[in-house]
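All remarks here apply to the structure that follows.
The values are calculated or read from the model by the stated rules, or taken from the named source; none is laboratory data. Just so it is clear, the structure is predicted and the values come from calculations on it, not from any experiment. When we count neighbours, we look across all protein chains shown, and the Cβ atoms used for this are built from the backbone with ideal geometry, even at glycine.
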Amino acid sequence: MSGKVAGKKKAGTELTALNKKKLKSVDEILGKVKWLAERVKGEPEVQKTLAELNLPHACREVVDKDAGAVLDEIETAILFVAASVLRGEGFTYTLPSRSKANQLYVPELDRIVLKDSQSHRAFANTSTCRKAVITTRILQLVHELCTKRIHVTKRDLFYTDVKLFEDQSNSDAILDDLACMLGCTRSSLHVVASEKGVVVGRLTFREDGDPIDCRRMGVGGKAIPPNIDKVDAITSDAMFILLVEKDAAFMRLAEDRFYNTYPCIIITAKGQPDVATRLFLRKLKQVLRIPVLALVDSDPYGLKILSVYMKGSMNMSYDSSNLTTPDIKWLGVRPSDLDRFSIPQQCRLPMTDEDIKTGKKLLEEDFVKANPEWVKELEIMVTTKVKAEIQALSSFGFQYLSQQYLPLKLQEGDWI
């Protein structure tokens, strides 16, 4: 047994030595990244809109609205309900349907949008009665927030009426319904998610007037502000943004000061992306006009997380124009990397039946089919039935990620 362990260590040492020989100077490593950055800066700033595409389906999108405009929308909605009651037609809300059947992937925009089908939420119907009550209660609370010009978290909102809401998922879902119904972004409702995402690296900005330097935030990084509207004066000399799925990889890169050698901004939402992180990433991309490279686990859920950043989520497809960053490049860890970088077998995990089912579903998605390289990687994953986490790279040493794997990927321009 000890001989096997020694053999694995020797193989790892040899691979590390080989990769070190392959690495060129920092300027040469960044050559292809610089080319990509120049291409991104040369792209036209004005993108196509839904209105210009003349799609066969009517689609719904929302916009940012100030507190006064949201108040007007709420009062108009309540007047419609009151008029319906007076006509003898009952207490009913008419809302856009957010079901999967009402979603549409638009290749020209490279994101998911919401079609214009509607559903009815009647108080007199036993199946929708409770939702109608929760909808009314949250409309009342949002009206109060907009009147007072204050913000609260989704958790705060839930605790205003725990017995009615029962579970935060209920109040969260209605919030999305209302944003869609009122034609505004969810942040326009003055309800924000708790801080989750963090950023570190070559970035400075002002948050509500306070200067922030993300190079001076330590290993933990700077929490991404829940209210992105208060972020301005964004400046950076970074060549790219590195989007990282997990907190552990983020901490490794932050502690190794990866951004000092390879000028970048590093962002993570610590798993499934929250709204604030998605808004912040999009804002950085629009202001700085630099490429975004993604580092996620080599499993179906890593790709699903990446797809939320790029194409949008089903739950918030109505706001995909504000939340998505379509042209993110998948840097790693990719299924083809497992053999290419000789990831040890003990670090490769067998995919569960649910993993395989999720991978096959992804292969059926239109946005995956639009990218042959993604299809190729997913087919490797589903065929081999093997997955691996970013941390599998640590089998060659704790700093292998920052000192060899990522520099090699950048040097080769190995992104898709």
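Please find, within the stretch 183-211, the residue that is nearest to D319 (Cα to Cα) out of those that are charged (D, E, K, R) and crowded, with 17+ Cβ neighbours inside 10 Å.
If we take residues in the stretch 183-211 being charged (D, E, K, R) and crowded, with 17+ Cβ neighbours inside 10 Å, then R186 is nearest to D319 (Cα to Cα).
Tally the residues that are among the aliphatic types (A, V, I, L, M), assigned to a helix (DSSP H, G or I) and surrounded by 10 or more Cβ atoms within 10 Å (Cβ to Cβ), restricting the search to the stretch 40-58.
Qualifying residue count, the stretch 40-58: 3.
Across the stretch 369-381, what is the total count of residues that are touching a helix residue (DSSP H, G or I) at 6+ places or on another chain (Cβ under 9 Å) and either surrounded by 19 or more Cβ atoms within 10 Å (Cβ to Cβ) or charged (D, E, K, R) (or both)?
Residues of the stretch 369-381 that are touching a helix residue (DSSP H, G or I) at 6+ places or on another chain (Cβ under 9 Å), as a first pass: 369, 374-381.
Imposing the further condition that a residue be either surrounded by 19 or more Cβ atoms within 10 Å (Cβ to Cβ) or charged (D, E, K, R) (or both) reduces the set to 369, 374, 376-379, 381.
The qualifying residues number 7.
Pick from the stretch 225-250 the residues that are at pLDDT 95 or above and surrounded by fewer than 18 Cβ atoms within 10 Å (Cβ to Cβ): which of them is farthest from L30 (Cα to Cα)?
Top of the filtered list is I234.
From the residues in the stretch 60-79 that are assigned to a helix (DSSP H, G or I) and aliphatic (A, V, I, L, M), which one is farthest from N227 (Cα to Cα)? Full working, then the answer.
From the stretch 60-79, those assigned to a helix (DSSP H, G or I) are 67-79; that's our starting set.
When the remaining residues are screened for being aliphatic (A, V, I, L, M), the result is 67, 69-71, 74, 77-79.
Values: A67: 14, A69: 18, V70: 17, L71: 19, I74: 22, A77: 26, I78: 27, L79: 30 Å.
Filtering the stretch 60-79 for residues that are assigned to a helix (DSSP H, G or I) and aliphatic (A, V, I, L, M), the one farthest from N227 (Cα to Cα) comes out as L79.
What's the number of the only condition in (1) at pLDDT below 95; (2) touching a Leu at 6+ places or on another chain (Cβ under 6 Å) that A193 fails to meet?
(2)
Can you find a residue in the stretch 312-322 that is surrounded by fewer than 23 Cβ atoms within 10 Å (Cβ to Cβ) and more than 22 Å from S188 (Cα to Cα)?
no
Here's the yes/no breakdown for (1) under 28 Å from F158 (Cβ atoms); (2) of a type in the set (G, A, S):
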{"position": "V63", "(1), (2)": "yes, no"}
{"position": "A83", "(1), (2)": "no, yes"}
{"position": "V106", "(1), (2)": "no, no"}
{"position": "R111", "(1), (2)": "no, no"}
{"position": "S119", "(1), (2)": "yes, yes"}
{"position": "V133", "(1), (2)": "yes, no"}
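Taking helices (runs of 4 or more DSSP H) that do not extend beyond the stretch 319-416, which have at least 1 residues that are of a type in the set (G, A, S)?
Of the helices (runs of 4 or more DSSP H) lying wholly inside the stretch 319-416, those with at least 1 residues that are of a type in the set (G, A, S) span 320-323, 335-340, 353-364.
Is it the case that some residue within the stretch 4-22 is part of a helix (DSSP H, G or I), at pLDDT 75 or above and of a type outside the set (D, E, K, R)?
So far as the stretch 4-22 goes, no, none of its residues is part of a helix (DSSP H, G or I), at pLDDT 75 or above and of a type outside the set (D, E, K, R).
Out of the residues in the stretch 145-172 meeting the condition of being surrounded by 14 or more Cβ atoms within 10 Å (Cβ to Cβ) and among the charged types (D, E, K, R), tell me which one is farthest from the chain's Cα centre (by Cα).
Within the stretch 145-172, the match that is farthest from the chain's Cα centre (by Cα) is D161.
Look at R202 and say whether it is charged (D, E, K, R) and under 27 Å from D414 (Cα atoms).
Here the answer is yes, as R202 does meet what is asked.
Name the residue that is farthest from L178 (Cα to Cα), counting only residues in the stretch 302-316 that are outside any loop (DSSP other than H, G, I, E, B) and either modelled with pLDDT under 85 or not small (G, A, S) (or both).
Initially, the stretch 302-316 is screened for residues outside any loop (DSSP other than H, G, I, E, B), giving 302-311.
Filter once more, keeping what is either modelled with pLDDT under 85 or not small (G, A, S) (or both): 303-306, 308-311.
Details: L303: 29, K304: 26, I305: 25, L306: 26, V308: 21, Y309: 22, M310: 24, K311: 22 Å.
Across the stretch 302-316, the extreme among qualifying residues is L303.
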